[in-house]
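Structure first, commentary second.
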Amino acid sequence: MTEAVVVSLMNEAMRMTTLLAAPLLLGALVVGLIISIFQAVTQIQEQTLAIIPKMAAILLIFAMLFPWMLSQATAYMNALFTNFPTFLGL
């Protein structure tokens with residue numbers, strides 16, 4: 001395995017991680033921003049008010065996108081294991 005192959009594998013792994021985590025993080029960001037604006041307008045400073053909607057949003061997004069996320073992860077792992085002998089130079 002050459003350095004270029006290792007760098008390519010790590011780059012692809014980081015890309016896949018970002019692709020799978022981005023929808024969940026963006027959903028939490030949007031909900032957190034909305035809750036923060038609501039708290040600033042109403043002057044309610046309760047910490048649990050922000051956590052519960054974020055958790056609910058992440059669970060909802062995860063439930064909706066789970067088939068897509070699973071297919072992406074499965075395709076990535078299938079390609080990785082299929083090309084494993086090539087990576088080793090066999």
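The values are calculated or read from the model by the stated rules, or taken from the named source; none is laboratory data. Nothing here was measured: the structure is a model prediction, and the numbers come from that model. Here the Cβ is made from the backbone with ideal geometry for all residues, glycine too, and neighbour counts use every protein chain on show.
The residue that is farthest from the chain's Cα centre (by Cα), counting only those in region 44-53 that are in a helix (DSSP H, G or I) and of a type in the set (A, V, I, L, M, F, W, C), is Leu49. Restrict the check to region 26-43 and report whether at least one residue is in a helix (DSSP H, G or I) and under 30 Å from Phe87 (Cα atoms). Looking through region 26-43, none of the residues is in a helix (DSSP H, G or I) and under 30 Å from Phe87 (Cα atoms). Taking every residue in region 28-54 that is among the aromatic types (Phe, Trp, Tyr) and modelled with pLDDT of 90 or more and pairing it with any residue that is assigned to a helix (DSSP H, G or I) and surrounded by 13 or more Cβ atoms within 10 Å (Cβ to Cβ), at least 6 positions away or on another chain, the pairs with Cβ-Cβ distances below 9 Å are Phe38/Leu49.
Selection of first residues in region 71-90 that are within 16 Å of Glu12 (Cα to Cα) and in contact (Cβ under 8 Å) with a residue 12 or more places away in the chain and of second residues that are in a loop (DSSP other than H, G, I, E, B) and not hydroxyl-bearing (Ser, Thr, Tyr), restricted to Cβ pairs under 8 Å at least 6 apart or on distinct chains, gives the following pairs, ordered by first then second residue: Phe87/Met1. Screening region 42-90 for residues that are of a type in the set (Gly, Ala, Ser) and loosely packed, with under 10 Cβ neighbours inside 10 Å and picking the one that is nearest to Gly32 (Cα to Cα) gives Ala63. If you go through region 55-90 and keep only what is in contact with a helix residue (DSSP H, G or I) (Cβ under 6 Å, 6 or more places away or on another chain) and small (Gly, Ala, Ser), you end up with just Ala57.
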